[in-house]
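In what follows, a structure is listed as structure tokens, so that the remarks can point back to it.
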Amino acid sequence: MSEELKRVAAESALSELQPGMRLGLGTGSTARHFVDLLGQKVAEGFDCICVPTSEATARQAEGLGIPLSDLETLVQLDVTVDGADELDTDLNLIKGGGGALLREKIVAAASDRMIVIADGGKLVDTLGRYPLPIEVNRFGLGATRRALEAVLASHGAQGGLELRQSGEGDPFVTDGGHLILDAFFGRISQPEALSRDLLDIAGVVQHGLFLHLCDRAYVATPDGVRTLTK
Ligand code: 5RP
């Protein structure tokens, strides 16, 4: 069911595409549907140039014959289409469940518009039920963790921090060679202040709060697609 809804959300985002666009391609199972659909359009002659937000998406897009570039060459994109782990009705997001948050944020920030595609289960009143991914440098992990615990406590986190593991039981390593600590807040009542406090910690590379970056979301529910616009 949820896979079908992800596909429906991805299909809705096709309406955003114009020939010749420079596109950012998101990461995750919902974005994967969008890349599949885009691949079909490219095979039919649709013209675009794309920047992937992860090695996994790059491999998928390459396999489908989607033309790829990077932000050294293009510097600015028209639209990025990506999934989210949580979104609220102000279009603030938690992302990074797939570990691609750093590249996803760089690509979204370099895009004129960011479009989110999601199934209805991702829409929440208040962000924070989904653990917030925080990408950290490997160096100084213990010290970074201690500084993060203080920030969690000052923002009323209901749980702690967990070093993300890969399937093999080793620490999960991002495409950029960093680690991820997942922070269990329960409820994030002051996302802007939390964002600043996290980025003030020297060992923090980036976090998964995407604030004021998303312009529109297509949220697929069993009753139809809800379009949320900034
Ligand atoms: C990857 C992400 C994904 O967009 C997010 O995890 C949603 O994934 P899915 O569509 O598989 O639920 O942020 O870093």
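Values quoted throughout were computed directly from the atomic coordinates according to the rules given, and no laboratory measurement underlies them. Remember, it's a predicted structure, so these values are computed and weren't measured experimentally. Ideal geometry is used to build each Cβ from the backbone, glycine not excepted, and the neighbour counts take in all protein chains shown.
Compared with the alpha-carbon gap, the fully stretched path from Leu74 to Thr227 is longer by 52.2 nm at 0.36 nm per residue.
The amide H of Gly97, built 1.01 Å from its N in the peptide plane, has Asp85 as neighbours under 5 Å, considering only residues 5 or more places off or on other chains. Rg/Rh for region 2-111 (Cα atoms only, Rh after Kirkwood) is 0.93. Computed on the Cα atoms alone, the convex hull of the chain gives a volume of 124 cubic angstrom per residue. Derived scalar couplings between HN and Hα for region 182-199 equal 8, 9, 9, 8, x, 8, 10, 8, 10, x, 5, 5, 5, 4, 4, 5, 5, 6 Hz in order, rounded to whole Hz, by the Karplus curve 6.51 cos²θ - 1.76 cosθ + 1.60 (θ = phi - 60°), x for Gly and Pro.
Counting every Cα pair in region 132-201, what percent are over 20 Å apart? Working shown, then result.
Details: 640 of 2415 pairs.
So the pairs more than 20 Å apart make up 27 percent of the total in region 132-201.
Note on Glu192 and Val124: the extension gain reaches 22.8 nm, defined as 0.36 nm multiplied by sequence separation minus the Cα-Cα distance.
Packing, as the average of other Cβ atoms within 10 Å across residues, places the peptides 132-144, 11-23, 62-74, 46-58 in the order 46-58, 132-144, 11-23, 62-74, highest first.
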